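> Let me begin by handing over the structure; questions about it come next.
What follows draws every value from the coordinates through simple rules; no lab data is involved. None of these values were measured; they are calculated from a predicted model. Note that we place each Cβ from the backbone using ideal geometry, even for glycine, and neighbour counts take in every protein chain shown.
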Amino acid sequence: MSQSPTPISRTQHLPARIAGQFARQIQQGELKPGDRLPTENAMSKNFGVSRTVIREAIAQLRNEGMIETRQGVGAFVIDRPTRHIRLDDGAQMEGHDFRDLFQLRVPLEIEAAGLAATYHRPDHLRQMDEALVRMSATGENAEDGILADLDFHRTIAAATGNDYFVQFLGAVSDRILQTIVTSRERIRLDEIVAVVNREHVALRDAIAARDPTRARAAMRAHMAGSAARIALRLEFYS
């Protein structure tokens, strides 16, 4: 890295602000394809935040298609497509922000589920299964369940075969993370893990069955459940 990290304001959503700093360095060419990011431990010390915050920032960058993570090795900058969508305010979300988010997510993710049921490959199912295992954790690895949830949805977007779905989902990945965190603050962990996993298993099975209608219905039910868990009632018109 060519410069020291900028101090992070505690009034801002920390993972988004950290991801934003690295994103700017990537966009400005200070970090180039193939460059390795500092370790989680180093970033935690440099930014003065927990490793959980760093993992969420890395997950956001990964879902935005800016980096890839290699198990036991680290996170590396990757080549990005010329078209790229990024939201860069990093603000903490309030009630109307959640509603605005779901108004975008509902049509986007329902359509993605239907397309994923048609076009998915075996490796997409494997990635969903791996995410489901991680989402089931309620012990010391429970925090990873939040990132696994995001990975599950990104895999569905990738399974469409349409990069626009991946990019749009990546652009709101920080907001989705905030939604998951907020729901876990409202509901006892073991209860929310059980219900969310049921919804995700229904999605996975519908996609695996190559049934677009069933997959779309499962995603619609999941979107309604996700909204309800943060006290938001969705309106469907069809």
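> Pop a pseudo-label 7 angstrom from the Cα along the beta-carbon direction at both Asp100 and Asp190 and give the gap in nm to one decimal.
Roughly 3.9 nm, to one decimal.
> Just to confirm the filter: which chymotrypsin sites (Phe, Trp or Tyr not before Pro) across the stretch 109-180 are DSSP coil and have at most 11 other Cβ within 10 angstrom of their Cβ?
Taking the stretch 109-180 and a limit of 11 other Cβ atoms within 10 Å, no loop chymotrypsin sites (Phe, Trp or Tyr not before Pro) are found.
> Now for a different question. With +1 on the Cβ of every Lys and Arg and -1 on the Cβ of every Asp and Glu, and nothing else charged, how large is the dipole of the stretch 95-228 about its Cα centre, in debye rounded to the nearest 20?
440 debye
> Follow-up. Take Phe236 and Val73, extend 7 Å from each Cα along the Cα→Cβ direction, and tell me the distance between the two endpoints in nm.
Going from the Phe236 label point to the Val73 one covers 4.3 nm.
> Applying 1/(1 + (r/R0)^6) with R0 = 35 Å to the Cβ-Cβ distance of Val181 and Asp129, what FRET efficiency is obtained, to the nearest 0.05?
Given R0 = 35 Å and the Cβ-Cβ separation, E is 0.90.
> Then there's this: So what is the 222 nm mean residue ellipticity for the chain from helices alone, if each DSSP H run of at least 4 adds -39500 (n - 2.57) and you divide by all residues, rounding to the nearest 500 deg cm²/dmol?
-21000 deg cm²/dmol
> If you don't mind, another one. Using Cα pairs under 8 angstrom and six or more residues apart, how large is the relative contact order of the stretch 14-77, in percent?
Computed value for the stretch 14-77: 44 percent relative contact order.
> Still on this model: Taking the Cβ of Ser50 as the centre, find all other residues whose Cβ is under 12 Å away and add up their charges (Lys, Arg: +1; Asp, Glu: -1).
Computed value for this residue: 0.
> Please list the radius of gyration and Dmax for the chain, considering alpha-carbon atoms only, with Å as the unit.
17.3, 52
> Can you tell me what percent of all Cα-Cα pairs in the stretch 130-238 are more than 23 Å apart?
Pairs farther apart than 23 Å: 25 percent.
> Compute the relative contact order of the stretch 41-81 as a whole-number percentage, counting only Cα pairs closer than 8 Å that sit 6 or more residues apart in sequence.
23 percent
> Net charge near Arg36: determine it from the other residues with C-beta under 13 Å of the C-beta of Arg36, scoring Lys and Arg +1 and Asp and Glu -1.
-1
> Suppose every Lys and Arg Cβ carries +1 and every Asp and Glu Cβ carries -1, with no other charges. What dipole size does the chain come out with about its Cα centre, to the nearest 20 debye?
Result for the chain is approximately 80 debye, rounded to the nearest 20.
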